Every structure is written in C-alpha cells, then in structure tokens.
1. Filter segment 68-93 down to residues that are among the aliphatic types (A, V, I, L, M), touching a residue at least 12 places away in the same chain (Cβ under 8 Å) and outside any helix (DSSP H, G or I) and give me whichever is farthest from residue 117 (Cα to Cα).
2. Would you mind telling me which numbered condition in (1) acidic (Asp, Glu); (2) touching a residue at least 24 places away in the same chain (Cβ under 8 Å); (3) more than 28 Å from residue 110 (Cβ to Cβ) residue 65 fails?
3. Run down 92, 78 and say which single residue is touching an Asp or Glu at 6+ places or on another chain (Cβ under 9 Å) and either crowded, with 17+ Cβ neighbours inside 10 Å or hydroxyl-bearing (Ser, Thr, Tyr) (or both).
4. Hey, can you tell me all the residues within segment 1-42 that are of a type in the set (Gly, Ala, Ser) and either closer than 15 Å to residue 136 by Cβ or assigned to a loop (DSSP other than H, G, I, E, B) (or both)?
5. Name every residue in segment 12-47 that is within 14 Å of the chain's Cα centre (by Cα) and free of Cβ contacts under 8 Å to residues at least 60 places away in the same chain, in order of residue number.
6. Please go through (1) under 21 Å from residue 190 (Cα atoms); (2) surrounded by fewer than 18 Cβ atoms within 10 Å (Cβ to Cβ); (3) modelled with pLDDT of 95 or more for residue 1 and return the number of the only condition it doesn't satisfy.
7. From 169, 139, grab the single residue that is of a type in the set (A, V, I, L, M), touching a strand residue (DSSP E or B) at 6+ places or on another chain (Cβ under 7 Å) and in contact (Cβ under 8 Å) with a residue 40 or more places away in the chain.
Amino acid sequence: MQIFLIRHGQKATNQSDPPLTTLGQKQAQKTANCFSGVQIDRLIASPLQRTQQTAGFIAAKLNLDVNLDHRLVERAEWVKNEVAFKKFVNIWKQASKTRHWQPPIGDSSVQAGNRIHQVIDQEFQNHKNNIILVTHGGVITDFLRNITSDQFLITNFFKNNQQLIDTQVGECSITKLEKNGNDYQILSLFETSHLINPQD
C-alpha cells in the first residue's frame, strides 16, 4: 500500500477556515498533475475549506470522489478573536516540544499524529489500496514523528531541531510512504519539485 500525504496549497490569511489563494489553486493543480498515470484508489481530505479545495483538483484529475475525514484536521487551528496569534504560536511550539502535553487548544502532538495513523490503518484493513490524504503540515509532521525518529526527520528535511518544532513544511508538498503490515517505509519527504516551473 502506498500513501501520499499532501499538505494543502497556500491559504488566505486573517479569517477562519480560509480558502486557497489564487497561488494555492495553481499549486493544487500542479499537484494534481503529478498523479497522471498513478493508480490511486481512495482520496481522503480534512473537511476544512483549503484541504477540500486542494483535494478537488486532484479528484477532478483522477476522476475520484473526495472522502472527508475529521481525523485529518490540523493539530490545532488558530481562530481570529479567540486567542492572540502570538499566544497560539507559543502554544503550538510548546506542544511540539512536549509531545504528550495536552494544550488548551487542539490535540497533543502524539494524539494528532495518531489520528492520521488511524485513518491509514482503517484503509489498510478495508482496502489495502493506494491512497492520497490531503491534510495539514503540522499533523503530517506529528504522524511522521510517531512512526520514525526526530533525528531522521532533522537529517532528511528539517536540518535542525527548531525547524522541526516549528513544523513549517511546503504548501502542496508530497510525502510518499509504503506500508507493509505494521511497517512503514518513507520514500520521500515533503517534496515540492513539482511546483517549480520556469514558465510561471
């Protein structure tokens, strides 16, 4: 079973449940184009607007339905006027550092990663097909931290511990994994080369 974890495209700022920007829509279209000729059996997305829109481009390309699953939402979502953004960032970083800590907003890092794990395990038990999950950068990182080591992620992508804690990954990045039984093999991490086009 192959799993493609895709972060949504660029989102609008300063609003709740923001949609994709024009650039984000272009990113999503380029991401969809990556899957021409790739056998994908199920497409599952977080129910938030930016992930649904990103998945919509892929669905159109592959003639698939978008299946929504709340377990793919971000670890925590900043809501304007509910908490100051600076405080939200501090909570986020503390949750990244202390992975079992239950923050006042959202899930712990371990809990968030487990949600993706649950979706994959369910698909594996029911279908054992190739799947795309369109979700969010933080929760993807949380999941990867659950199945591998921080040192592996730092060495192969984040470069230092602070960048891992910040969990800043590229818009419409693709992480590819292979699942055999209970074992995962990471084939690529947060790939964004498909977004680079000299003609843009």
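1. Once the filter is applied, the top-ranked residue is 83.
2. For residue 65, the failing item is (2).
3. After applying the criteria, what remains is 92.
4. Of everything in segment 1-42, those that are of a type in the set (Gly, Ala, Ser) and either closer than 15 Å to residue 136 by Cβ or assigned to a loop (DSSP other than H, G, I, E, B) (or both) turn out to be 9, 12, 16, 24, 28, 36, 37.
5. Answer for segment 12-47, where residues must be within 14 Å of the chain's Cα centre (by Cα) and free of Cβ contacts under 8 Å to residues at least 60 places away in the same chain: just 47.
6. (3)
7. 169
For (1) more than 26 Å from residue 4 (Cα to Cα); (2) at pLDDT 95 or above; (3) in contact with a Pro (Cβ under 6 Å, 6 or more places away or on another chain), each residue gets a yes or a no:
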residue: 66; (1), (2), (3): no, yes, no
residue: 75; (1), (2), (3): no, yes, no
residue: 81; (1), (2), (3): yes, no, no
residue: 86; (1), (2), (3): yes, no, no
residue: 105; (1), (2), (3): yes, no, no
residue: 118; (1), (2), (3): no, yes, no
residue: 125; (1), (2), (3): no, no, no
residue: 129; (1), (2), (3): no, no, no
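The values are calculated or read from the model by the stated rules, or taken from the named source; none is laboratory data. Keep in mind the model is a prediction, meaning the values are calculated, not measured. Cβ: placed from backbone, ideal geometry, glycine included. Neighbour counts: every protein chain shown.
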